[in-house]
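Student: Handing you this structure, nothing more for now.
The values are calculated or read from the model by the stated rules, or taken from the named source; none is laboratory data. Treat the numbers as computed from the prediction; the structure is a model and nothing was measured. Heads up, the Cβs are rebuilt from the backbone with ideal geometry, glycines too, and the neighbour counts pull from every protein chain shown.
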C-alpha cells in the first residue's frame, strides 16, 4: 500500500510511501475520504517519513485536503517528518505560510 | 437468450425443414437457402446472426460460400457452423480452414445444437462489443487529434512572438504540451518584462492553466503596469478560474536598461539569478511567495526584489524540471556548472551549450517534468525597438481636466501609479505618446513620493551599496506613512498646431531647488538629476513652483 492511514481516538494519521505524485492521487484521495468520514477527528497528521520526493501535483492534493479539513472543522492539519529534499520543495513553494510543517 | 436470425443452408428439403423446426423451437427466427449462391444473396439482404451451413451442395458448396461470406463481410464476424454427415478429420479441417467456426454432425442433436448456438451467440456479442469499442476509440482518437492541433495552434500564436526582446529560451516538454511557458514583452517605457511560469502537472490541462497568466501578462505589460501589479492580477485571475489544487509557479522579472536594474517577483520557481560575464552568480532571487493562484488577493504579497548591476550580464531563470532533472545515476545537474558556461559577453548567444549540457545529463532518458530555461541580456539597451504601431484614434473630448488626490492610505497601498496608468491608457494616446507620458508621470510621481512625501535623500540611491539600504528605508517609511498627500491634475487643451497635455503634480513635502537639474544637460547631469533632465527634454515646458513642491509640465501631442 502506498498510502496508509491510522485512526486513534480524535487523531488521524495518513502516511505516504515512496514518490508522492499524481500516481498516488487515487490512494491519497481514498485515504482522506476515509479519515474525513469520521466526525470525531480533531487533528490530522500527514506523515511524510517515507516520502523521498514530491511534485507539484502532490502540493495540489495537499491544498485540496486543506480546504476539506476546514470544511470538516478539523482543528489541526500537520505535515510531519519531512526529509530535507521534501522540505526544500515546501520552502520554494512557500507552503510553510499556510501549512504547519514539522 | 436473445432472439437470433439464423440462416439455414442445405440442399435437402427434409434437412432444412428439420433443422428449421428445431431452431424455431428454441425461439429463434429462421431464413433458409438451398445452396451457397442463395446463402450469399440472403446475406446481402440481411446479415444473419448465425449460419448453419451444409458442406456438399450444388452450384456453390458450403466451403466456397463460407470463404466468400468471410471476404464480403469482413467488417463483422458472423458465426458459421457446418452441418455435415461426414466426420472425417480432413473435412473438418477444410471447413475450419475456409472460415467455419464449428461443426455439427447430422442428424443434428438438439442438446448439442442449443449449446453451440449459445456459445456462438456469446462470442458474437463479445465481438460486437469489441468492434463498437474500437469504433468509438477511433472516433475519440480523431477528435482528440483535432483538438490537440487546435490547442497547439492557439498556444503557439499566444506565446510565439519573442521578436525584439533579445531573450533566448528553451522549453522541453515532458509530453506533447508544455505546462511551462515563457513570455516576454517590452513595456511602453522600454523595460523588458519576462515571465517563466510552471503550472501543476504537464500536458494540455497544464498548458490551459497558463493561458490566463499569459494574456494578463501581455495586456498589462503593454499598458505599462509594473510586474508587481501584473503578478497580483494574475494571482487574482488564476484564483478565480482554477480549481483548488491547481496553481502556477512563476517568476516575473523586469529588466530596466536605464536604471540598470533587474526587478523580480518569485513565487515557487527554484532558480532565478543574475549571472555576470565571468559566469558567476552575482545575485540569486529566492522564491519568497507561494505560486500564483493559491492565495486570496488580500493575502497576496506583491513585494519585489530589486538588483542593480554595475557590469552587464544575463538574467537566468529555469523551472524545477531542470533543477530536478535526474541523470543516468540519479544525480542532479550542477547549476554552478551551468552558470559558469555563461562566461561570455552578454551580446553573444549562449543557450545552445546549456541545452546540450542538460540533454547530455539526461543521457537519453526522457525528462519527467517540463524543462524550461530563459536567458535575458541585462545591459544598457534592450535592442532596437520595433516599428511603432499607431493606435486607432477614437472620438474624444478635446478639452477636459481631471484631478486625483492620493492620501496616506492610497500611497501606502501603492495605488498611485496603478491609477495613473489606468488613466493614461484611456485618453487615446499613440504608442509613442503613451511611452513618453508614462516616463514623465512615473518620474515626477516617484519624485513627489520618494523625495517629497517620504523625504528620502536621492544621492544615496546611486552608490552601489546605498541602493539596497535606500530601498529598505523607502519600504519602511512607506509602510509607516500616516500623513502626506500627492495631488495629480491633468488637462487636455487645444494648442496652436497640436493639442497640449498639461500635467501638474503637487506634494506635501518640503520641496527642493530644482533649478540645477533643469539647466543641466542630460549627458552630464549627476545620476540623480537625470530623471528631471529627461522630462525636460520630452516636454515643451517644465516649471517648478512653491519651492519645488509643485511641478507643471506641458507635453505637445504631435
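Student: I want to confirm something. Restricting to the stretch A:27-61 and keeping residues that are within 14 Å of chain B (Cβ to nearest Cβ) and surrounded by fewer than 18 Cβ atoms within 10 Å (Cβ to Cβ), which single residue is modelled with the highest pLDDT? Before you say what the answer is, go through the steps one by one.
Tutor: Start the filter on the stretch A:27-61 by keeping residues that are within 14 Å of chain B (Cβ to nearest Cβ), which leaves A:28-29, A:32, A:52-61.
Filter once more, keeping what is surrounded by fewer than 18 Cβ atoms within 10 Å (Cβ to Cβ): A:29, A:52-53.
Working: A:29: 92, A:52: 89, A:53: 87.
Only one residue tops the list, namely A:29.
Student: Can you name the number of the only condition in (1) modelled with pLDDT under 90; (2) within 23 Å of residue B:125 (Cα to Cα); (3) part of a helix (DSSP H, G or I) that residue B:103 fails?
Tutor: (3)
Student: When you go through (1) closer than 21 Å to residue B:221 by Cα; (2) surrounded by 19 or more Cβ atoms within 10 Å (Cβ to Cβ) one by one for residue B:451, which number turns out not to apply?
Tutor: All conditions pass for residue B:451, except number (1).
Student: In the set B:17, B:4, B:47, B:22, which member is over 19 Å from residue B:98 (Cβ atoms) and surrounded by fewer than 17 Cβ atoms within 10 Å (Cβ to Cβ)? I'd like the intermediate steps shown before the answer.
Tutor: Numbers: B:4 fails: surrounded by fewer than 17 Cβ atoms within 10 Å (Cβ to Cβ); B:47 fails: over 19 Å from residue B:98 (Cβ atoms); B:22 fails: surrounded by fewer than 17 Cβ atoms within 10 Å (Cβ to Cβ).
Answer to the selection: B:17.
Student: Which of (1) within 14 Å of chain B (Cβ to nearest Cβ); (2) within 25 Å of residue B:321 (Cα to Cα); (3) in contact with a helix residue (DSSP H, G or I) (Cβ under 9 Å, 6 or more places away or on another chain) is the odd one out, the single condition residue A:18 does not satisfy?
Tutor: Answer for residue A:18: the failing condition is (1).
Student: Among the residues of the stretch B:469-481, are any in a helix (DSSP H, G or I), in contact with a strand residue (DSSP E or B) (Cβ under 7 Å, 6 or more places away or on another chain), surrounded by 13 or more Cβ atoms within 10 Å (Cβ to Cβ) and modelled with pLDDT of 90 or more?
Tutor: At the first step, the residues of the stretch B:469-481 found to be in a helix (DSSP H, G or I) are B:469-479.
Then drop every residue that is not in contact with a strand residue (DSSP E or B) (Cβ under 7 Å, 6 or more places away or on another chain), which leaves B:471.
With surrounded by 13 or more Cβ atoms within 10 Å (Cβ to Cβ) added as a condition, the list becomes B:471.
Checking the rest, the ones that are also modelled with pLDDT of 90 or more come to none.
No, there is no match, as no residue in the stretch B:469-481 is in a helix (DSSP H, G or I), in contact with a strand residue (DSSP E or B) (Cβ under 7 Å, 6 or more places away or on another chain), surrounded by 13 or more Cβ atoms within 10 Å (Cβ to Cβ) and modelled with pLDDT of 90 or more.
For every residue, the table says whether it meets (1) within 14 Å of chain A (Cβ to nearest Cβ); (2) assigned to a loop (DSSP other than H, G, I, E, B); (3) in contact (Cβ under 8 Å) with a residue 12 or more places away in the chain; (4) under 30 Å from residue A:61 (Cα atoms).
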site	(1), (2), (3), (4)
B:155	no, no, yes, yes
B:158	no, no, yes, yes
B:170	no, no, yes, yes
B:174	yes, yes, yes, yes
B:182	no, no, yes, yes
B:188	no, yes, yes, no
B:194	no, no, yes, yes
B:202	yes, yes, yes, yes
B:210	yes, no, yes, yes
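Student: Here is a further query. If the requirement is being without any contact (Cβ under 8 Å) to a residue 40 or more places away in the chain, assigned by TED's automatic domain parsing to the domain that holds residue B:44 and over 27 Å from residue B:18 (Cβ atoms), which of these qualifies: B:102, B:125?
Tutor: Numbers: B:102 fails: over 27 Å from residue B:18 (Cβ atoms).
One residue alone meets the criteria, B:125.
Student: Return yes when residue B:371 is more than 23 Å from residue B:227 (Cβ to Cβ) and at pLDDT 85 or above and no when it is not. Talk me through it step by step, then tell me what you get.
Tutor: Working: more than 23 Å from residue B:227 (Cβ to Cβ): yes; at pLDDT 85 or above: yes.
Yes; evaluated as a whole, the condition is true for this residue.
Student: Can you tell me which residue is surrounded by the most Cβ atoms within 10 Å (Cβ to Cβ) among those in the stretch A:62-80 that are outside any strand (DSSP E or B) and within 11 Å of the chain's Cα centre (by Cα)? Steps first, answer last, please.
Tutor: Looking only at the stretch A:62-80, we keep the residues that are outside any strand (DSSP E or B), and these are A:62-75.
This time we only want the ones that are within 11 Å of the chain's Cα centre (by Cα), so: A:62-66, A:69.
Numbers: A:62: 21, A:63: 23, A:64: 16, A:65: 25, A:66: 17, A:69: 19.
Among those that are outside any strand (DSSP E or B) and within 11 Å of the chain's Cα centre (by Cα), it is A:65.
Student: Quick check, is residue B:208 in contact with a strand residue (DSSP E or B) (Cβ under 9 Å, 6 or more places away or on another chain) and closer than 27 Å to residue B:353 by Cα? If you could, list the steps in order and put the result at the bottom.
Tutor: Numbers: in contact with a strand residue (DSSP E or B) (Cβ under 9 Å, 6 or more places away or on another chain): yes; closer than 27 Å to residue B:353 by Cα: no.
No.
Student: For residues that are surrounded by fewer than 24 Cβ atoms within 10 Å (Cβ to Cβ) and outside any loop (DSSP other than H, G, I, E, B), scanning just the stretch B:290-302, find the one that is nearest to the other protein chains (Cβ to nearest Cβ). Give the steps one after another, and end with the answer.
Tutor: The initial filter retains those residues of the stretch B:290-302 that are surrounded by fewer than 24 Cβ atoms within 10 Å (Cβ to Cβ), namely B:295-302.
Okay, now just the ones that are also outside any loop (DSSP other than H, G, I, E, B), so B:297-299.
Working: B:297: 15, B:298: 14, B:299: 9 Å.
For the stretch B:290-302, the residue satisfying everything is B:299.
Student: What's the number of the condition residue B:286 fails, among (1) over 22 Å from residue B:209 (Cβ atoms); (2) away from chain A (no Cβ under 12 Å); (3) surrounded by fewer than 18 Cβ atoms within 10 Å (Cβ to Cβ)?
Tutor: (2)
Student: Could I ask something else about it? Restricting to the stretch B:221-270, name every residue that is within 13 Å of chain A (Cβ to nearest Cβ) and within 30 Å of residue B:312 (Cβ to Cβ).
Tutor: B:249, B:250, B:251, B:265, B:266, B:267, B:268, B:269, B:270, listed by residue number.
Student: Of the conditions (1) within 14 Å of another protein chain (Cβ to nearest Cβ); (2) under 23 Å from residue B:351 (Cβ atoms); (3) in a helix (DSSP H, G or I), residue B:198 fails just one. Which one is it?
Tutor: (3) is the only condition that residue B:198 fails.
Student: Consider residue B:245 against the criteria (1) touching a strand residue (DSSP E or B) at 6+ places or on another chain (Cβ under 8 Å); (2) without any contact (Cβ under 8 Å) to a residue 60 or more places away in the chain: it satisfies all of them except one. Which criterion is unmet?
Tutor: Here residue B:245 clears every test but (1).
Student: Could you check the stretch A:92-102 and list, in sequence order, the residues that are within 8 Å of another protein chain (Cβ to nearest Cβ) and at pLDDT 90 or above? Steps first, answer last, please.
Tutor: So in the stretch A:92-102, the residues within 8 Å of another protein chain (Cβ to nearest Cβ) come out as A:92-95, A:97-98.
Scanning the stretch A:92-102 gives A:92, A:93, A:94, A:95.
Student: Still on this structure, please answer the following. Could you list, in sequence order, all residues of the stretch B:303-341 that are more than 14 Å from chain A (Cβ to nearest Cβ), touching a helix residue (DSSP H, G or I) at 6+ places or on another chain (Cβ under 8 Å) and more than 26 Å from residue B:367 (Cα to Cα)?
Tutor: Answer for the stretch B:303-341, where residues must be more than 14 Å from chain A (Cβ to nearest Cβ), touching a helix residue (DSSP H, G or I) at 6+ places or on another chain (Cβ under 8 Å) and more than 26 Å from residue B:367 (Cα to Cα): B:304, B:306, B:308, B:310.
Student: Something else about it: Considering only residues of the stretch B:85-100 that are in contact with a helix residue (DSSP H, G or I) (Cβ under 7 Å, 6 or more places away or on another chain) and outside any helix (DSSP H, G or I), which is surrounded by the fewest Cβ atoms within 10 Å (Cβ to Cβ)?
Tutor: Quick first cut of the stretch B:85-100, residues in contact with a helix residue (DSSP H, G or I) (Cβ under 7 Å, 6 or more places away or on another chain) only: B:94-95, B:98-100.
Pick out the ones that are also outside any helix (DSSP H, G or I) and you get B:99-100.
On the way: B:99: 17, B:100: 23.
Filtering first and then ranking leaves B:99.
Student: Within the stretch A:72-84, how many residues are within 14 Å of chain B (Cβ to nearest Cβ) and at pLDDT below 90?
Tutor: So the count comes out to 0.
Student: Does residue B:276 count as within 14 Å of chain A (Cβ to nearest Cβ) and either touching a strand residue (DSSP E or B) at 6+ places or on another chain (Cβ under 7 Å) or more than 17 Å from residue B:236 (Cβ to Cβ) (or both)?
Tutor: Values: within 14 Å of chain A (Cβ to nearest Cβ): no; either touching a strand residue (DSSP E or B) at 6+ places or on another chain (Cβ under 7 Å) or more than 17 Å from residue B:236 (Cβ to Cβ) (or both): yes.
Judged against the criteria, residue B:276 is not a match.
Student: Same structure, new question: Can you tell me how many residues in the stretch B:458-471 are within 21 Å of residue B:485 (Cα to Cα) and out of contact with any helix residue (DSSP H, G or I) (no Cβ under 8 Å at 6 or more places or on another chain)?
Tutor: Residues that pass the stated criteria total 1.
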